[in-house]
Amino acid sequence: MSCELRCLDDRHLGGASVGGRCHHREVRVTAADVERIPAGNLRVSRAEFVALWVAAERRVDEDYSDWYAAGVAMTCRWMATVTVFHLRQVRPARAPVTGETARAYEELIAKELFAAHRLSLRQPVPEWLRGRPRWLDAVIATLEWAWSRSGVAPMVSSAGNAS
């Protein structure tokens with residue numbers, strides 16, 4: 001599998017800069033990754049989903065500090081059930097909010113969206129989340145669009161802004 005997980009995927013590392021513990025590597029979405037996306041995990045077309053995923057991965061490659069793009073990419077990886085490489089281990093991509101290690105399926109996606117909304121209401125905002133500007137907005141927008149078919153696709157631009 002060509003997807004390589006960056007340290008930003010693991011909120012348990014503290015959500016801040018992890019310095020020498022992580023090496024940034026470009027992530028490529030392959031045809032095999034696309035073919036393995038479970039049809040039940042998407043409520044939008046596979047082509048639309050993949051276009052968003054590729055754009056988010058490219059944006060993170062351009063600017064590793066873009067937490068909005070990272071939130072979109074992490075959510076897409078999990079929904080696509082890809083296997084990632086992290087700290088020399090191969091594992092399924094984790095759910096972005098709950099950290100769930102099981103591969104995404106319909107009930108887990110609904111649970112993740114609920115958890116994301118719940119986290120958005122939490123006060124005070126957890127320290128790890130404060131260090132990720134707009135990350136949770138991106139996760140919610142991606143799940144709402146791809147799963148709930150609500151709203152429009154999150155937009156990831158070369159400037160890292162959503163529209």
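Since every read-out is calculated from the coordinates, none of them should be taken as a lab result. No experiment lies behind these values; they were computed from the predicted model shown. Cβ: placed from backbone, ideal geometry, glycine included. Neighbour counts: every protein chain shown.
What to note about this one:
- Inter-label distance for Phe85 and Ser65, nm, one decimal - labels placed 7 Å from Cα along Cα-to-Cβ: 2.7
- The range 65-79 - phi-based ³J(HN,Hα) in whole Hz, Karplus 6.51/-1.76/1.60, Gly and Pro as x: 8, 7, 5, 5, 4, 4, x, 5, 4, 4, 5, 4, 4, 5, 4
- Per residue, the convex hull spanned by the Cα atoms of the range 27-154 measures out at 103 cubic angstrom.
- Whole-Hz Karplus values for the range 126-134 come out as x, 4, 4, 7, 4, x, 10, x, 6 Hz, taken residue by residue from phi with 6.51 cos²θ - 1.76 cosθ + 1.60 and θ = phi - 60°; glycine and proline positions read x.
- Gain on full stretching of the segment that runs from Val44 to Ala31 - 0.36 nm per residue minus C-alpha separation: 2.9 nm
- For Val84, nonlocal amide neighbours, meaning residues 5 or more places apart or on other chains whose placed amide H falls under 5 Å from its own, are Arg91, Ala93.
- In range of the label at Ala102: residues from the range 51-89 whose backbone nitrogen is under 15 Å from the point 7 Å along Cα→Cβ: 79, 81
- Highest average first, the peptides 107-119, 139-151, 61-73 ordered by how many other beta carbon atoms sit within 10 Å of their residues are 61-73, 139-151, 107-119.
- Taking amide H positions as modeled 1.01 Å from N, with prolines and chain starts lacking one, the residues under 5 Å from Arg28 and 5 or more places away or on another chain are Glu4.
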